[in-house]
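These notes are about the structure you will find just below.
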Amino acid sequence: MKTPVTLIAALLVSVLSALALSASAAASRPNIILVMPDDVGVGDYASLGNPVIRTPYVDAFKKESLLFTRFHVSPTCSPTRSALMSGRHEFKNGVTHTILERERMALSTTTLPQMLKSVGYTSGIFGKWHLGDEAPYQPDQRGFDEVYIHGGGGIGQVFPGSCGDAPGNTNINPTLFHNGTFVKTTGYCTDLFFAQALKWIDAQRTAPRPFFAYITPNAAHGPHVVPEAYYRHYRGKPGVTEEIAKFLGMVENVDTNFGLLLAKLKEWGIADNTLVIYLGGDNGGTAGRSIFSAGLKAGKGTTYQGGTRAAAFFRWPAGRIPAGAECAALSAHLDLFPTLAELTGATLSPVVKQQVEGRSLLPLLKNPQSPWVDRTLVHHAGRWPKGKAADSKHAKAAIQNSRFTLVNNEELYDLQADPGENTNVIAQHPEEVAKLRAAYDTWWSDVQPLLVNENVTGVPSINPFQELYYKQFGGSPTAAALKRMDPNSPLGGGANAGARKNRKAKTAN
Ligand SMILES: [Ca+2]
């Protein structure tokens, strides 16, 4: 039996070690930069096997970082951003689409920058937000101190209701929203987002508090508009159409900007204690898939591996993340929140602990071979017609563990033997199927009460970005624009909504 003295000593030791841990977390808290281009697939990088594209800076970064080779994102844009911002599946934040108010991240969600703020970080977003354009959903209300974004899910987008960008925008000289005011810019979208991020980082780098820069260019989402200098050298390559050439040019331009960012970190002497995460895409492959698909089945908008796999690179020299290494653990975007919470020593409230369902990757960042208990990940493309959630349980859905994936409740693939998902082995593994089905049933039931955006009312008849734009500059939307923004239009899910709605909705990102 312990004496009171040894008990007090033990207590002291534990208090002191807890203090030491938090002191060391505070001392070593790195700056964090997360770069994530749009609609770029695993196969769209030279060092990951693409025979045509030029991505020298990501390729060099691969040699300096740890690459997660089995990292998953969601099948489309807003869902991935929502999971990344919250540490949980997007449906649990109410995000089941990319438009029609179903891209709005529930206001009850605690966000990544809010969590980081609790341990002294300042945060900036540069590029695409796509989790709601109405004022309460905007990034300045969700933890970001610096905001430099376009609206909607892409530059120039207009959809019924709230989701849309400033009127008449294109990738060249876009009007962007900077801390509550529109600015008319000169330049190419991706160059502008990185330039503003660098300007902001430059202003933060000597401050005592660390920063989080979330750099999310709209490239290489369509429309594929990019100056010819970026893509003319792809013309005439095998299988490269004019459209694909432009797409490749947009990715190359992101790569060039990423290289510039890395060079600046080095020049400023902050590369060592900055965690740089390069997340190669926010969903599966798109326009580049016909050139190289990395052996994966299908692409964006599906729940095959080609719809949800992304390349995730982590570099933090002071944190001793191994360089030029790979980790094959089954991992996902929803792991980033708990990873960054642990890494920065943030204390999560019981409510936030309950919100977060991802796992900290910290043990793997220290040692990519660390034990990693198997898990299941759910992929679901959402996008069901309005009011049809209950009918969509098995539509474009998959649940996977590290070996098997069960797609649409009827196809089972052995990812170890068949990473390209060519042979359905559902008849051979009844026990595995039963386990995955049971896990999926529970998950689907858990999700239902959290689908808060399925039947929203009070939808604006003018995109909030357009309204703010005209308030600042004068003028008003054209009749054609008003028609496109009308929430009672067929696409908006109004009374006459029909087949056209679904067909058109698929073109939204
Ligand atoms: Ca996307």
Return a yes/no flag: does segment 233-247 have any residue that is under 25 Å from the mean Cα position of the chain (by Cα), within 16 Å of the ligand (Cβ to nearest atom) and in a loop (DSSP other than H, G, I, E, B). no
Only residues that are surrounded by fewer than 20 Cβ atoms within 10 Å (Cβ to Cβ) and either over 22 Å from A312 (Cα atoms) or not assigned by TED's automatic domain parsing to the domain that holds K92 (or both): list them for segment 336-351, please. G345, T347, L348, S349, P350, V351
Note on R320: of the conditions (1) charged (D, E, K, R); (2) more than 16 Å from the ligand (Cβ to nearest atom); (3) surrounded by 19 or more Cβ atoms within 10 Å (Cβ to Cβ), unmet is (3)
Could you please find all residues in segment 460-509 being of a type in the set (A, V, I, L, M), at pLDDT below 65 and away from the ligand (no atom under 16 Å from the Cβ)? A495, A497, A499
Consider G295 against the criteria (1) surrounded by fewer than 21 Cβ atoms within 10 Å (Cβ to Cβ); (2) closer than 29 Å to P208 by Cα: it satisfies all of them except one. Which criterion is unmet? (2)
Answer residue from segment 217-229, given it is touching a residue at least 24 places away in the same chain (Cβ under 8 Å) and surrounded by fewer than 23 Cβ atoms within 10 Å (Cβ to Cβ) and is nearest to the ligand (Cβ to nearest atom) among those: G222
Given (1) at pLDDT below 95; (2) in the same structural domain as S331 (by TED's automatic domain parsing), index of the condition F61 fails: (1)
Is it true that F194 is crowded, with 19+ Cβ neighbours inside 10 Å and under 21 Å from L265 (Cα atoms)? yes
In segment 61-78, anything aliphatic (A, V, I, L, M) and either free of Cβ contacts under 8 Å to residues at least 12 places away in the same chain or within 16 Å of the ligand (Cβ to nearest atom) (or both) is listed as V73
Answer yes or no as to whether L260 is within 16 Å of the ligand (Cβ to nearest atom) and either under 26 Å from H178 (Cβ atoms) or not hydroxyl-bearing (S, T, Y) (or both). no
Anything in segment 59-82 that is assigned to a helix (DSSP H, G or I) and under 18 Å from the mean Cα position of the chain (by Cα)? List them, or say none. C77, S78, P79, T80, R81, S82
Go through segment 122-178 and report how many residues are buried (at least 23 other Cβ atoms within 10 Å of the Cβ), β-branched (V, I, T) and under 20 Å from F337 (Cα atoms). 1
Per the list (1) within 16 Å of the ligand (Cβ to nearest atom); (2) aliphatic (A, V, I, L, M); (3) not in a helix (DSSP H, G or I), residue check on M85 breaks on (3)
Matching residues in segment 453-469 - criterion: being free of Cβ contacts under 8 Å to residues at least 12 places away in the same chain and hydroxyl-bearing (S, T, Y): T457
Do you know which of the residues in segment 277-317 that are basic (K, R) and outside any loop (DSSP other than H, G, I, E, B) is nearest to the ligand (Cβ to nearest atom)? R309
So which strands (runs of 3 or more DSSP E) stay within segment 109-199 end to end and still have 2 or more residues that are without any contact (Cβ under 8 Å) to a residue 40 or more places away in the chain? 146-150, 175-178, 181-184
Contact list please: Cβ distance under 7 Å, first residue in segment 80-93 and modelled with pLDDT of 95 or more, second residue away from the ligand (no atom under 15 Å from the Cβ) and of a type in the set (S, T, Y), pairs at least six apart or on different chains. M85/T111; S86/T109; S86/T111; N93/S86; N93/T109
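The values are calculated or read from the model by the stated rules, or taken from the named source; none is laboratory data. Remember, it's a predicted structure, so these values are computed and weren't measured experimentally. Backbone-built Cβ (ideal geometry, glycine too); neighbour counts: all protein chains shown.
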